[in-house]
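Contents: one structure, followed by commentary.
Bear in mind these aren't lab numbers, they're just calculated from the coordinates by the rules spelled out. Note that the structure is predicted; figures quoted are calculated from it, not measured. In this analysis, Cβ positions are derived from the backbone assuming ideal geometry, glycine residues included, and neighbour counts consider all displayed protein chains.
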Amino acid sequence: MKKTILLGAAALSALLSAAIGPAQAVDLEELKEQGFARIAIANEPPFTSVGADGKVSGAAPDVARVIFERLGVKEVVASISEYGAMIPGLQAGRHDAITAGLFMKPERCAAVAYSEPMLCDAEAFAVKKGNPLKLKSYKDIADNADAKIGAPGGGTEEKLALEAGVPRDRVIVVPDGQSGIKMLQDGRIDAYSLPVLSIHDLMAKANDANLETVAPVLGAPVYCDGAAFRKQDVALRDAYDVELKKMKESGEFAKIIEPYGFSAAAAMSTSREKLCAAK
């Protein structure tokens, strides 16, 4: 049975009490005494999902909840953040960790202390039925002057599109998955890009016969995320990694993430060192 986190007064109080400016190192004993850890999440199933009642589930927070509990921190309280705001919020002390499908990339690895890999996925497009513009890669979008792509602000997909040469005015920042599908249905964009599992989830919910999925996106890398901590919180990260390793070895990790569609073997086949060095 999946447990849930509640977004409510506790999370709001934690955020309001956070210091402004550079944050002090987080001590595990202080978190244990406080009784909760503050985690930043997105609302992007199956990485994270926020229900109408404010309850949070998903592979990333489910793993984090178990690990923090085993570290002696009884609860996690979650706040929703755009991807581009997560690392600044972490560095400012508004979160104790990010558990949101924030894929490891060298520039992010330079800014935060990642755990070992947790969730791996490729990229996908949602497009109109028949894929009328024949969009199979970010370069296809760049090469078609009429094509517009929607992507989360500050996310991997936005960067991949820009790096492929899609002009800034044809990369449309979309606040959430439901808005991305609606913009595609309305013809305001020609493709909406997210990880494969996220696009599959959105398409299943939309149940629109006029849409289809392109997956994986040609030429796009496979990414893995990890829990992200401040650079000064390496001791907390290391303690997190110890418990994560135990869960991977016992099979408990697979039992948590694989019902969401993720592969435990994929996460266990690579490492933080490899992912942070990848170009």
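Helical content alone sets the calculated 222 nm signal of the chain at -11000 deg cm²/dmol, taking -39,500 (n - 2.57) per DSSP H segment of four or more residues and averaging over every residue. For segment 102-156, applying the loop criterion from DSSP together with a ceiling of 13 other beta carbons within 10 Å to the trypsin sites (Lys or Arg not before Pro) yields Lys129, Lys134. So for segment 100-210, what percent of the C-alpha to C-alpha distances run longer than 25 Å? Every Cα pair in segment 100-210 considered, those over 25 Å come to 21 percent. Between the alpha-carbon centres of segment 158-214 and segment 57-120 there is a gap of 24 Å.
Take every Cα pair under 8 Å whose residues are at least 6 apart in sequence, average their separation, divide by the length of the chain, and the relative contact order is 26 percent. DSSP beta bridges confined to the chain are antiparallel in about 60 percent of cases. Step through the table entries Lys139/Lys231; Lys159/Lys255; Lys32/Lys248; Lys74/Lys245; Lys139/Lys182; Lys182/Lys255, compare each Cα-Cα distance with 27 Å, and write down the pairs that go over it. As for pairs spanning more than 27 Å Cα to Cα, those are Lys139/Lys231; Lys159/Lys255; Lys182/Lys255. The relative contact order of segment 123-214, computed from alpha carbon pairs under 8 Å that lie at least 6 residues apart in sequence, is 45 percent.
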